[in-house]
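Computed from the coordinates by the stated procedures, all read-outs in this text should not be read as laboratory data. Quick caveat: nothing in here was measured; it's all calculated off a predicted structure. Positions of Cβ are generated from backbone atoms using ideal geometry, with glycine treated the same way; all protein chains shown enter the neighbour counts.
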Amino acid sequence: GKRISMRKVIAYIASHFRKDKIWLRRSRPDKRRYQVLLAVDDSRSMAECGCGGVALEATTLLCKAMSRLEVGQIGVLKFGGHAGAVPLHPLGTPFSDAAGPGIMAGLRFDQDNTIADQPMLRLVEALDHMLDVARHSGGAGGIGAGTQDLAQLVLVVADGRLHEKEGLRARVRELAAKRGVCLAFIAIDPPAAGGGGAAAGS
């Protein structure tokens, strides 16, 4: 019943669940519901730069955090290949610990793409469609169709190697400007010598 400050969720995760001031004050019962969609770059470049293992850790941590917060619906998809955005765990399916192995098995970091494929632009277009469908269908979790009190958070986990320029920024701005949508990009750094990689949100 409490409201969550979605912009503080990243800081909460980065602090290993210590900075828990993510709840907003409210004067009446909250009717807001949440949908969180995690998009993971499954392209070969993630493996080539050594970011695959860090991405798996980040995916596990994010799913764990969202599940702990009981935010509502949680969905996971992969992108980066010719097939475009591929769901690993649909938003309408209840999320549990049992979903973890299937999600991890679906991330192989071996998908090839070319500049012409425009994987990031195709992802944003797919996200736009998925969020619209999820908003109006509601699915599991008791989210009513067409609700005005639905917050949708998109977390994109990738290595930041983007070659699309034309149209991408405008498309991202268009998606982020939609009511209730919050879009965050988590850039995965390759592991340093003798240490692990790092994730930086933006």
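Worth a mention:
- Between Gly81 and any residue 5 or more places off or on another chain, the built amide H atoms are never under 5 Å apart.
- Spacing of the two label points (7 Å from each Cα toward its C-beta) at Ala116 and Glu57, in nm: 3.9
- In this rough spin-label picture, where each label sits 7 Å from Cα along the Cβ direction, the His163-Asp97 distance is 4.2 nm.
- When the inverse distances between all different Cα atoms of the stretch 29-137 are averaged and flipped, the Kirkwood radius reads 14.6 angstrom.
- Here's how it looks for Cys182: its modeled amide H is under 5 Å from those of Gln152, Leu153, Val154, which are all 5 or more places away or on a different chain.
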